[in-house]
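Worksheet for the structure shown next.
The values are calculated or read from the model by the stated rules, or taken from the named source; none is laboratory data. Nothing here was measured: the structure is a model prediction, and the numbers come from that model. Virtual Cβ from ideal backbone geometry, glycine too; neighbours counted across all protein chains shown.
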Amino acid sequence: MSHANKTTGTFTLAAFAVLALVPLPGQTQTVEADDRAAVVRQFLEAFNAQDAAAMAALVTDDVQWLSVSDGATAVEVEGRSALTAAMTDYFSACPSCRSEIASLMSSRERVSVVEVASWDGADGPRSQRSMAVYEFSGALIRRVYYFPEEP
């Protein structure tokens, strides 16, 4: 076999190996994406249990909670301890607040969800739908981008 054939043969094997790792349409998500989706579900379970410490255990030390609205992004909370304090205050102000996932899509680094938040308002039960994108660093949530409620 000539040098050119050896190179072509090696390239073909390398290309095949890479293609074997790329999921085809309809294949299930990678384990990493599934693991990250599970972390988001745990984060919302901790939210629903109003357990700020459990939420904090699922985020990085430098976590950021960002609000995206009208073409601008604002940092609402930065850092694990700030998130814990903000959630503790939030739960005190809204003991009936809960959130559930209406839909979820995960990729290698992000999990996008449509959440349905519900709470008891002065006029009875209330709810709203919003989209959030959870960005990861390793197995922990690094940033949460929260979009305004949908009409």
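A few remarks follow.
- Checking each residue of the range 65-73 against the condition of being surrounded by fewer than 17 Cβ atoms within 10 Å (Cβ to Cβ), over 14 Å from ARG36 (Cα atoms), of a type outside the set (A, V, I, L, M, F, W, C) and in contact with a helix residue (DSSP H, G or I) (Cβ under 8 Å, 6 or more places away or on another chain) gives no match.
- VAL77, sole failed condition from (1) surrounded by 16 or more Cβ atoms within 10 Å (Cβ to Cβ); (2) free of Cβ contacts under 8 Å to residues at least 24 places away in the same chain; (3) within 20 Å of PHE147 (Cα to Cα); (4) under 15 Å from the mean Cα position of the chain (by Cα): (4)
- Scanning the range 107-151 for residues that are in contact with a helix residue (DSSP H, G or I) (Cβ under 6 Å, 6 or more places away or on another chain) and over 23 Å from ASP34 (Cβ atoms) returns no hits.
- Single condition PRO25 does not satisfy, out of (1) at pLDDT 95 or above; (2) surrounded by fewer than 14 Cβ atoms within 10 Å (Cβ to Cβ): (1)
- VAL59 touching a residue at least 40 places away in the same chain (Cβ under 8 Å) and of a type in the set (A, V, I, L, M, F, W, C): yes
- Cβ-Cβ contacts under 8 Å between residues 6 or more apart (or on different chains), taken from a first residue in the range 98-122 that is in contact (Cβ under 8 Å) with a residue 40 or more places away in the chain and among the charged types (D, E, K, R) to a second residue that is in a loop (DSSP other than H, G, I, E, B) and surrounded by 14 or more Cβ atoms within 10 Å (Cβ to Cβ), are listed as ARG108/THR30.
- Only one entry in ALA139, ALA102, ALA93 is more than 20 Å from the chain's Cα centre (by Cα) and either of a type in the set (D, E, K, R) or loosely packed, with under 15 Cβ neighbours inside 10 Å (or both), namely ALA93.
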